[in-house]
């Protein structure tokens, strides 16, 4: 019985570690999504730049990142043992 409980704990720890590693990818995803339009906004001609679509993209990506962070926080708090 002790082996099954320790195996169950190991599986839970592995699952929690995978979720933690996945949550570390959120800042990398944020950098990839947000740097490109910001650089393009500063380097392109003012006449060509469509600032309303750039602002909409930035705030949309920001909202998606917030939702991903909330989901990751809930997954991580559900994985914590309440012993």
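The label point for residue 38 and the one for residue 8, both projected 7 Å from the Cα toward the Cβ, are 4.7 nm apart. Once the C-beta distance of residue 54 and residue 22 is scaled by a Förster radius of 30 Å, the resulting FRET efficiency is 0.55 to the nearest 0.05. The modelled label-to-label distance for the pair residue 62/residue 30, using points 7 Å beyond Cα in the direction of Cβ, is 1.1 nm.
Laboratory data are not the source of any read-out in this text; all were calculated from the coordinates shown. The structure displayed is predicted, hence computed values, not measured ones. Don't worry about glycine lacking a Cβ; one is built from the backbone with ideal geometry, like all the others, and counts go over all protein chains shown.
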